[in-house]
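> Sharing a structure, written as structure tokens. Questions coming.
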Amino acid sequence: MKTHIASGVKTNVVTAVRILDKDAHDSPQFIPLVKETRKHFEISEVSADKAYQSVDNFEAAAECGGQAFIAFKSNATGASGGHFEKAFHYFKFNQEEYMARYHKRSNVESTFSAIKRKFGADVVSKNPHAMVNEVMCKLICHNLTCLIQEQESLGIVPVFWKDEE
């Protein structure tokens, strides 16, 4: 089993998830994750490693309102046009700034690490459906801890309404 997630940079909240076969390729997961995230969050930037480098992925990020910061492979050129070309030239002429924004992708690694530390790295279920449910439960619990942390950090006091009788 292979888990692909989209994660918020500031809060590390998991915004979208795809749990697939362990041999599933990374790049095809990009567009569904970005589109799912866009349903509930405003996207300004999307960072991803070289495995996600494709013209379609740069275009999808732009369609969802964001700028993609995806690492370029050594043989990449800007000849593809569109948002891929714009990003490639941005990378070539402002490499330090581009890479600083690209490296925000390390937050997703931090999110995976936090989930594994808090809820265990192993999936103990044997049935494929149970395995997916177990991973989803860990992600929900992680998001709840993020919510509580932000509530405390921002000083938000929960209000509980009394039942009217």
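> Relative to the longest principal axis of the C-alpha atoms of the chain, give the angle of the C-alpha long axis of helix 106-119, reported between 0 and 90° and rounded to the nearest 10°.
Helix 106-119 and the main axis of the chain meet at about 30 degrees.
> Continuing with the same structure: Given points 7 Å out from each Cα along the Cα-Cβ axis, report the residue 161 to residue 147 separation in nanometres with one decimal.
1.7 nm
> How big is the charge dipole of region 106-154 about its Cα centre, in debye rounded to the nearest 20, if each Lys and Arg gets +1 on its Cβ and each Asp and Glu gets -1 on its Cβ?
180 debye
> Determine the per residue accessible area of region 70-141 with all protein chains present and a 1.4 angstrom probe, expressed in square angstrom.
Heavy-atom accessible area per residue stands at 65 Å².
> Summing -39500 (n - 2.57) over the DSSP H runs of n ≥ 4 in the chain and dividing by its residue number, what mean residue ellipticity at 222 nm do you reach, to the nearest 500 deg cm²/dmol?
-16500 deg cm²/dmol
> Additional query: Only Lys, Arg, Asp and Glu count, each charged at its Cβ (+1, +1, -1, -1), so figure out the dipole size of region 47-101 about its Cα centre, rounded to 20 debye.
That gives region 47-101 a dipole magnitude of about 160 debye.
> Turning to a different aspect of this structure: Helix 27-40 sits at what angle to the longest principal axis of the chain, using alpha carbons and giving 0 to 90 degrees rounded to 10?
50 degrees
> Okay, moving on. Return the lysines within reach of residue 35: Cα separation strictly under 27 angstrom, same-chain partners fewer than 8 residues apart disregarded; answer none if there are no such residues.
Residue 35 reaches 2, 10, 22, 50, 73, 86, 104, 116, 138.
> Please state the charge dipole magnitude for the chain, taken about the Cα centre, from unit charges on C-beta atoms (+1 on K and R, -1 on D and E), reported in debye and rounded to the nearest 20.
That gives a dipole near 500 debye.
> Let me see the P(r) profile for the chain: every Cα-Cα distance counted, bins of 10 Å, each bin given as a percent of all pairs.
Pair shares across the bins are 9, 33, 31, 18, 7, 2, 0.
> Still on this model: List every residue whose amide H lies under 5 Å from the amide H of residue 16, counting only residues 5 or more places away in sequence or on a different chain, with H placed 1.01 Å from N in the peptide plane.
Result for residue 16 returns 6.
> Does anyone have the angle between helix 128-154 and the longest principal axis of the chain? Alpha-carbon axes, 0 to 90°, nearest 10?
80 degrees
> Sorted from largest down, give the three principal axis spans of the alpha carbons of region 1-84, whole angstrom values.
34, 31, 18
The values are calculated or read from the model by the stated rules, or taken from the named source; none is laboratory data. Here the structure is a predicted model, which is why all the values come from computation and not from measurement. Virtual Cβ from ideal backbone geometry, glycine too; neighbours counted across all protein chains shown. Remember, those area values only see protein heavy atoms, side chains included, never the ligands or the DNA or RNA. Shrake-Rupley method; radii C 1.70, N 1.55, O 1.52, S 1.80 Å.
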